[in-house]
1. Out of the range 28-62, which residues are open to solvent by 90 Å² or more (accessible area, probe 1.4 Å) and either outside any helix (DSSP H, G or I) or not hydrophobic (A, V, I, L, M, F, W, C) (or both)?
2. Just the residues that are open to solvent by 70 Å² or more (accessible area, probe 1.4 Å) and either assigned to a helix (DSSP H, G or I) or of a type in the set (S, T, N, Q) (or both), please, taken from the range 1-10.
3. Test Tyr13 against the stated conditions and say whether it is open to solvent by 100 Å² or more (accessible area, probe 1.4 Å) and under 11 Å from the mean Cα position of the chain (by Cα).
4. Out of all the residues in the range 17-27, which are surrounded by fewer than 15 Cβ atoms within 10 Å (Cβ to Cβ) and either touching a Leu at 6+ places or on another chain (Cβ under 7 Å) or in a loop (DSSP other than H, G, I, E, B) (or both)?
Amino acid sequence: MNCNIVKDLIPLYIDDCCSEESAEEVKRHLDGCAECKAVFDEMLKRSYLWVLTKIRFQILENPIAYQKVI
């Protein structure tokens with residue numbers, strides 16, 4: 001699979017929104033392409049940071065609701 005296509009699919013792959021066939025192709029490509037793997041790692045890191053930041057601000061806005069969950 002071509003790098004440009006893989007780079008387009010990476011966000012869908014991270015969000016688990018692409019087909020199984022596409023996911024397998026992306027995984028196979030990432031296993032053999034250091035450049036695309038670096039792009040994947042950076043996107044994944046940003047995705048996690050975004051989620052953690054969003055959760056943090058939700059907790060700060062309503063800490064009592066989160067204390068009930070814990």
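1. Matches in the range 28-62: Arg28, Asp31, Glu35, Lys45, Arg46, Tyr48, Lys54, Arg56, Glu61.
2. Asn2, Asn4, Ile5, Asp8
3. No; evaluated as a whole, the condition is false for this residue.
4. Applying the first criterion (surrounded by fewer than 15 Cβ atoms within 10 Å (Cβ to Cβ)) to the range 17-27 yields 17, 19-21, 24, 27.
Within the range 17-27, Cys17, Ser19 meet the criteria.
Quick grid of which residues meet (1) over 12 Å from Cys3 (Cα atoms); (2) at pLDDT below 80; (3) touching a Lys or Arg at 6+ places or on another chain (Cβ under 9 Å):
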residue: Glu20; (1), (2), (3): yes, no, no
residue: Val26; (1), (2), (3): no, no, no
residue: Cys33; (1), (2), (3): no, no, no
residue: Lys37; (1), (2), (3): no, no, no
residue: Thr53; (1), (2), (3): yes, yes, no
residue: Phe57; (1), (2), (3): yes, yes, no
residue: Glu61; (1), (2), (3): yes, yes, no
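The values are calculated or read from the model by the stated rules, or taken from the named source; none is laboratory data. The structure displayed is predicted, hence computed values, not measured ones. A quick note on method: Cβ atoms are made from the backbone with ideal geometry, for glycine too, and the neighbour counts reach across all protein chains shown. The area values use the complete protein model at the heavy-atom level, side chains included, leaving out ligands, DNA and RNA. Shrake-Rupley method; radii C 1.70, N 1.55, O 1.52, S 1.80 Å.
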